[in-house]
Each structure stands twice: as C-alpha cells, then as structure tokens.
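The values are calculated or read from the model by the stated rules, or taken from the named source; none is laboratory data. A quick note: this is a predicted structure, and the numbers were derived from the prediction, not measured. Note that we place each Cβ from the backbone using ideal geometry, even for glycine, and neighbour counts take in every protein chain shown. Ligands, DNA and RNA are excluded from the accessible area calculation, which covers all protein heavy atoms including side chains. Shrake-Rupley method; radii C 1.70, N 1.55, O 1.52, S 1.80 Å.
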Amino acid sequence: MAFKTIGAKAAAALDKELMSTGAFSIDQLMELAGLSVSQVVYRVHPISKGPRVLVAVGPGNNGGDGLVAARHLRHYGYAPTIYYPKRPKNDLYQRLTKQLEDLDVPFVDDFPAALKSTDHVVDAIFGFSFSGEVREPFPAVIQAMAETKVPVTSVDAPSSWSIDQGPPKSGVGSNFHPDVLVSLTAPKPLVQFFKGRHFIGGRFVAPAIAQKYDFDLPEYEGIDQTVEVSPGGQKL
C-alpha cells in the first residue's frame, strides 16, 4: 500500500494544528524534524564515506530543520559546515545558530567554494511553504546542487520544486534532482516526480491527527525516527 500524500495547504494547516491542539511548540517540531534528517544522513552517508557535510540553510523553518540536523551530525562525529546567507533576527534561529557556534561549526559565505570540499550536501533552503520565484542568492546555490556530483539530501522538498506539481518546467531548479528526500510528517504530492531514495521522518504525529488529514503513519522500528519507502510508496 502506497503512503498517501498531503498538499501544500493541508501541510500548512497540519503544522498549525500540531502547534495548537497538538500542543507542540515550534522548537519541538524543529528539533524532531532535524533529528529525522540527521538520522537519514547517517544512514545514506555513513561517516566512513567522508565526514564533511555542507548544509544549505534557508531563511524559514526548513532552514531551522537544517540547523538542528547539523548540530546532531556534529555530535555524531561529522564535520558540518553551514551556508546561511539570509539569517532571520528571530530568537529561535539565533539560538540554533549559537548552539552551532559553540560546537565550532563553521559558517561560510561562498557556497560554490564550500561545495568543492564536502562529501555530502543537505538542502534545507525551502520547504512546503515555498511558492513563487527563487530569490537571490539562492538561484546559483540550487544550480550548483543540480550540477554537483556530490550527493544531496533535500529536507521535505527539493528547493525550488512546487509542493503539488514537482520540479519547475524551466529555469531555476528544473534540472535539480537530489539523491535523497526526507518527507517530514507525511509525503507531499511532489514525490511522484522524485526518483531517489525517499524517507518519511517525524515520529510524533498522533493517530487522530493523521486520520483527520487522511494520511498514513509509517511503522517506525526501534528508536528510528525515519522509514525508507520505495518509489512506489511502499515501506522498505
């Protein structure tokens, strides 16, 4: 049985409900999402393949997930580097940044240069709330991720892709096909266009909320925060 998907509007409503009737704070959700992403990176790119992980961080919650993932990866023994060109003044993001600085995780300004000396990339630029045009400085970053031979893991959505319609027909991101996708909470319709390794992450949704939004909760094993599913949507 293939896992059901939820569109952009439903994903936004679900996120809002998790932080209201679900009683989660945004900090909790970001921590759990980032933990899921870090576990996927650990699984698809064990440290024996190279410890250097470049995390491309956007200005919103997707970027926050990336910052959390980087912190966990640092504690696993990886050597993350952060590209974070548009930093919000929000207290939450400032705290996530400080946590990484305290672990001596470097922040870089030149993404193409950093890409030449990394073993894996985490794309945490845009998530389910993205729409419209990709603004500077991210077009060149997305193009670099599209052209690199370094494996890329995208958080919730490949940056620039439409949540409901997949990759753009032309322009920025039209040739961006990451190797790994971590769908947070539930897969989005864009997964029908995705051909790489696909994971569902986020072991925190109550069955009643999943039923309300009509999506399936995967069967997580042991202490895993993620489940790998086949291109057809079946659990592996």
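Out of the residues in region 106-126 that are assigned to a loop (DSSP other than H, G, I, E, B) and under 15 Å from Phe176 (Cα atoms), which is most open to solvent (accessible area, probe 1.4 Å)? Before the answer, list the steps.
As a first pass, look at region 106-126 and keep what is assigned to a loop (DSSP other than H, G, I, E, B): 106, 109-110, 116-119, 125-126.
Within this subset, residues satisfying the condition of being under 15 Å from Phe176 (Cα atoms) are 125-126.
Values: Ile125: 4, Phe126: 32 Å².
Among them, the one singled out is Phe126.
Counting just the residues of region 149-171 that are touching an Asp or Glu at 6+ places or on another chain (Cβ under 8 Å), over 18 Å from Ile6 (Cα atoms) and in a loop (DSSP other than H, G, I, E, B), which one comes out most open to solvent (accessible area, probe 1.4 Å)?
Pro151
Conditions tested, residue by residue: (1) touching a Gly at 6+ places or on another chain (Cβ under 8 Å); (2) hydrophobic (A, V, I, L, M, F, W, C); (3) crowded, with 16+ Cβ neighbours inside 10 Å.
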site	(1), (2), (3)
Leu32	yes, yes, yes
Ser38	no, no, yes
Gly64	yes, no, yes
Asn90	no, no, no
Lys98	no, no, no
Asp104	no, no, no
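If we keep just the residues of region 43-59 that are out of contact with any strand residue (DSSP E or B) (no Cβ under 9 Å at 6 or more places or on another chain) and farther than 20 Å from Pro106 by Cα, which is most open to solvent (accessible area, probe 1.4 Å)?
It comes out as Ser48.
I need every pair where a residue in region 153-180 that is in contact (Cβ under 8 Å) with a residue 24 or more places away in the chain and on the phi < 0 side of the Ramachandran plot has its Cβ under 8 Å from the Cβ of a residue that is assigned to a strand (DSSP E or B) and open to solvent by 60 Å² or more (accessible area, probe 1.4 Å), sequence separation at least 6 or different chains.
Asp179/Arg197; Val180/Arg197
Scan region 178-222 for residues that are among the basic types (Lys, Arg), over 16 Å from the mean Cα position of the chain (by Cα) and not in a loop (DSSP other than H, G, I, E, B) and report the count.
1
Quick one: what pairs do we get from region 91-113, first residue at positive phi, second of a type outside the set (Ser, Thr, Tyr) and open to solvent by 60 Å² or more (accessible area, probe 1.4 Å), C-beta under 9 Å, 6+ apart or different chains?
Asp104/Arg74
Consider region 66-88. How many of its residues are under 17 Å from Arg52 (Cα atoms) and either open to solvent by 20 Å² or more (accessible area, probe 1.4 Å) or over 18 Å from the mean Cα position of the chain (by Cα) (or both)?
Filtering region 66-88 for residues under 17 Å from Arg52 (Cα atoms) gives 66-84.
Narrowing the set further to residues that are either open to solvent by 20 Å² or more (accessible area, probe 1.4 Å) or over 18 Å from the mean Cα position of the chain (by Cα) (or both) leaves 71-72, 74-77, 79, 81.
Of the residues in region 66-88, 8 are under 17 Å from Arg52 (Cα atoms) and either open to solvent by 20 Å² or more (accessible area, probe 1.4 Å) or over 18 Å from the mean Cα position of the chain (by Cα) (or both).
In this structure, is Asp214 open to solvent by 40 Å² or more (accessible area, probe 1.4 Å), under 20 Å from Thr153 (Cβ atoms) and at pLDDT 90 or above?
In short, no.
Of (1) basic (Lys, Arg); (2) closer than 30 Å to Pro139 by Cβ; (3) in contact (Cβ under 8 Å) with a residue 12 or more places away in the chain; (4) open to solvent by 50 Å² or more (accessible area, probe 1.4 Å), Lys4 satisfies all except one. Which?
Unmet for Lys4, out of (1) basic (Lys, Arg); (2) closer than 30 Å to Pro139 by Cβ; (3) in contact (Cβ under 8 Å) with a residue 12 or more places away in the chain; (4) open to solvent by 50 Å² or more (accessible area, probe 1.4 Å): (2).
Could you tell me which residue of region 1-47 is farthest from Leu67 (Cα to Cα), considering only residues that are part of a helix (DSSP H, G or I) and basic (Lys, Arg)?
In this case the residue turns out to be Lys9.
Would you mind telling me which numbered condition in (1) touching a residue at least 40 places away in the same chain (Cβ under 8 Å); (2) open to solvent by 50 Å² or more (accessible area, probe 1.4 Å) Ala23 fails?
Here Ala23 meets the rest and fails (1).
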